[in-house]
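Input: a single structure, listed below in structure tokens.
The values are calculated or read from the model by the stated rules, or taken from the named source; none is laboratory data. Since we're looking at a predicted model, the values are computed, not measured. Note that we place each Cβ from the backbone using ideal geometry, even for glycine, and neighbour counts take in every protein chain shown.
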Amino acid sequence: MTTSLPVGSADLHARLTAHAARLTALPPAAVFTAGRRHLRAEAAGLVLDYSRQLVDAAALEDLWALAKSAALPTALAAQAGGAIVNPTEGRAALHTALRDPATAPLLVNGVDVRADIAHTRAQCRAFVAAVHGGQRLSATGVRFTDVINIGIGGSDLGPVMATEALRPYAVPALNVHFVSNIDGASFVDLAGRLNPATTLVIVCSKTFTTIETTTNAHRARAWLASAVGEAGAGTHFAAVSTNAAAMDAFGVPADARFTMWDWVGGRYSMWSAVGLAIELAIGSEHFEAMLAGAHTLDRHALEAPLPHNLPMLMALLSVWNGHYVGCHSHAILPYAERLHRLPAYLQQLTMESNGKHVRLDGTPVDYPTGAVLWGEAGNNGQHSFFQLLHQGTHRVTADFVVPYESPTGAVEDSILTLSNAFAQANVLARGRSLEDVLADPKVQAGGAAAAALAHHRVHPGGRPCSILGFARLDPATLGGLIALYEHRTYLESRFFGINPFDQWGVELGKVQAVALVPALETAAQSASDAWGRLRASLDHAGLN
Ligand code: F6P
């Protein structure tokens, strides 16, 4: 395709365009030949196998050149060094510092942030120890049995995803739950089965102004107060926010407030006190093992050259597929039930980051930016949307995220999981041609009737996918895995010349929702029954 990607020469783009045309025109069997096992790289216990991507040596050579012109190591160093990499909000993006044990000063606008990070980390650790150890008790003097994290977006998705993923590491006798949506269903469901007198509620919101979170926080306050009284309810709250005034106004006790900073983006924040629910669920040691795993990957991102650098490879392949091969939909397929929230987590990370239509200088892009990302735990997906992946008219790319060790510990279970993942990846890449179908002895034995169905059995193949494998889903590996996707997302944005750290596109809808509320409330008073009130309010607002 013609391009104005801000990196790479016109000649280079022309060559890459020609490679893509050549490789997509070849039968998959001619691309996915034997001898591609070297197309893999490894770091922090994660093995990226990209042998099923639509690349060959010639295409890769030009892709390395494209990566070189994007100055990826410089971009990573700038981000990790505290440069203002989010210029539309005038902010650094220092999520990497949250998992960095270094103590050398790290300046943001002239202020060293290391001490703040260490202080909040120690505060979280002490709070978790006090809840687990029974020194921090409910208003009625008993141990907390349950925790509800109230938050949304980055203040929910990371904590939910990691808590689910690391369930085998959960401490006994403390159950952690999550409430995010505004409609009240998840809150009502939890309130119906938990005991408010033994429930701790974390209000998790970088801004403390998000309507979903404040609405659920007020629901929680009323529920807690009904059990332990208004005065006692405060004892059941903790909060994570940059907004100290709002935490004051809500009555969060001084020793249960955890700060975060404007140099951590919401979708990059599970390493900060936003991860308090994770830490309560699995304990500080495991939480810190997760930070350490992420840090190992951070070092790898900064130090490993291409073609060994995992996030650079993944960013490059994403640009290759989106820009040259013409795939704009990307499926995340974890072959691990415990990673069932990974697609949702990565949706926010990648789409809120790289779903942009203007470059850093505000000029519109004339090329596709971040892909649509979606997904589902592997085998469930096989029995649902894999039909489209294999034979549909959209060419969807995929990451198979595959732990080699089964959570049951039984080798037979690992074998079943791995055989499914690898078989699906092979079929996506290699497909099955009409000739192969017709040569199948079963089809031949079926005579004319079977031959008539031959076209239905063809799998076009040529659908690029990678396998991201690792030994087991433990805290360090999860940390590395998430850090890998964070860096991949940032590095991909360098090819597009966009800002991956802002999110102006979510503001307008939020503002308009808040503005609609008074009109709906006024009209809703005019009818006596609930449905009538709802209809009247929508009619009044011109929405019905
Ligand atoms: O709606 C988008 C968003 O602004 C996300 O970027 C953020 O993670 C989420 O809302 C929640 O924001 P907060 O943590 O301030 O409540």
Residue check: is N544 modelled with pLDDT under 95 and either in contact with a Leu (Cβ under 7 Å, 6 or more places away or on another chain) or of a type in the set (S, T, N, Q) (or both)?
-> yes
In region 85-123, residue surrounded by the fewest Cβ atoms within 10 Å (Cβ to Cβ) [restricted to those that are among the charged types (D, E, K, R) and without any contact (Cβ under 8 Å) to a residue 24 or more places away in the chain] = D112
L313: outside the structural domain of S384 (by TED's automatic domain parsing) and surrounded by 24 or more Cβ atoms within 10 Å (Cβ to Cβ), yes or no?
-> yes
Identify, from the list A58, A20, A67, the residue that is without any contact (Cβ under 8 Å) to a residue 40 or more places away in the chain and in a helix (DSSP H, G or I).
-> A58
Answer from A225, A256, A233 - the residue that is at pLDDT 95 or above, surrounded by fewer than 19 Cβ atoms within 10 Å (Cβ to Cβ) and not charged (D, E, K, R) = A225
Flagged in region 261-275 as within 13 Å of the ligand (Cβ to nearest atom) and in contact with a strand residue (DSSP E or B) (Cβ under 6 Å, 6 or more places away or on another chain), in numbering order, are D262, A273, V274
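Would you point out which residue out of V160, V188, V171 is farther than 19 Å from V252 by Cα, within 16 Å of the ligand (Cβ to nearest atom), β-branched (V, I, T) and touching a helix residue (DSSP H, G or I) at 6+ places or on another chain (Cβ under 9 Å)? Working first, answer last.
Numbers: V188 fails: within 16 Å of the ligand (Cβ to nearest atom); V171 fails: within 16 Å of the ligand (Cβ to nearest atom).
None of the others qualify; the one that does is V160.
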Mind checking which residues of region 397-417 are farther than 18 Å from G375 by Cα and part of a helix (DSSP H, G or I)?
-> V411, E412, D413, S414, I415, L416
Residue pairs qualifying under the 6 Å Cβ cut-off, at least six apart or on distinct chains, with the first in region 340-359 being more than 15 Å from W374 (Cβ to Cβ) and among the hydroxyl-bearing types (S, T, Y) and the second being outside any strand (DSSP E or B) and modelled with pLDDT of 95 or more, are S353/T489; S353/P500
What are the residues in region 325-347 that are surrounded by 22 or more Cβ atoms within 10 Å (Cβ to Cβ) and within 16 Å of the ligand (Cβ to nearest atom), if any?
-> Y345, L346
Which members of region 393-434 meet the condition of being surrounded by 13 or more Cβ atoms within 10 Å (Cβ to Cβ) and of a type in the set (G, A, S)?
-> A398, S406, S414, A421, A425, A429, G431, S433
Condition check for A249: surrounded by fewer than 21 Cβ atoms within 10 Å (Cβ to Cβ) and hydrophobic (A, V, I, L, M, F, W, C) | yes
Quick check: anything in region 54-65 crowded, with 17+ Cβ neighbours inside 10 Å and acidic (D, E)?
-> yes
Residue list for region 211-240, filter: within 16 Å of the ligand (Cβ to nearest atom) and within 25 Å of R143 (Cα to Cα) = N216, A217, H218, R219, A220, F237, A238, A239, V240
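Evaluate the following for A523: is it in contact with an Asp or Glu (Cβ under 8 Å, 6 or more places away or on another chain) and at pLDDT below 95? Let's see the steps before the verdict.
On the way: in contact with an Asp or Glu (Cβ under 8 Å, 6 or more places away or on another chain): yes; at pLDDT below 95: yes.
The answer is yes for A523.
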If the Cβ limit is 6 Å and pairs must be 6+ apart or interchain, which residue in region 71-84 that is at pLDDT 95 or above pairs with which residue that is among the basic types (K, R)?
-> A75/R494
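One line per residue, one yes/no per condition, for (1) touching a Ser or Thr at 6+ places or on another chain (Cβ under 7 Å); (2) surrounded by 15 or more Cβ atoms within 10 Å (Cβ to Cβ); (3) not in a loop (DSSP other than H, G, I, E, B):
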| position | (1), (2), (3) |
| --- | --- |
| T477 | no, yes, yes |
| I482 | no, yes, yes |
| Y485 | no, yes, yes |
| R494 | no, yes, yes |
| D502 | yes, yes, no |
| A513 | no, no, yes |
| L520 | yes, yes, yes |
| G532 | no, no, yes |
| A536 | yes, yes, yes |
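Kindly provide the set of residues from region 106-138 that are of a type in the set (A, V, I, L, M) and not in a loop (DSSP other than H, G, I, E, B), ordered by number. Talk me through it step by step, then tell me what you get.
Going through region 106-138, the residues of a type in the set (A, V, I, L, M) turn out to be 106-108, 111, 113, 115, 117-118, 122, 126, 128-131, 137.
If the condition is that a residue be of a type in the set (A, V, I, L, M) and not in a loop (DSSP other than H, G, I, E, B), then L107, V108, V111, A115, I117, A118, A122, A126, V128, A129, A130, V131 are the ones that fit.
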Name the one entry in V264, V252 that is more than 15 Å from L200 (Cβ to Cβ) and not charged (D, E, K, R).
-> V264
Tell me which residues, restricted to region 190-212, are under 29 Å from the mean Cα position of the chain (by Cα) and over 12 Å from I148 (Cβ atoms).
-> S205, K206, T207, F208, T209, T210, I211, E212
Pairs, first assigned to a strand (DSSP E or B) in region 242-266, second within 15 Å of the ligand (Cβ to nearest atom), C-beta under 6 Å, six or more apart = R257/A239; R257/M247; F258/V240; F258/A273
Here the qualifying pairs (Cβ atoms under 7 Å; residues six or more apart or on different chains; first in region 393-408 and not assigned by TED's automatic domain parsing to the domain that holds C465; second part of a strand (DSSP E or B)) come out as none
Selection from region 504-523 of residues that are within 13 Å of the ligand (Cβ to nearest atom) and without any contact (Cβ under 8 Å) to a residue 40 or more places away in the chain = E507, L508, G509, V511
For region 270-285, the count of residues that are surrounded by fewer than 21 Cβ atoms within 10 Å (Cβ to Cβ) and not small (G, A, S) equals 1
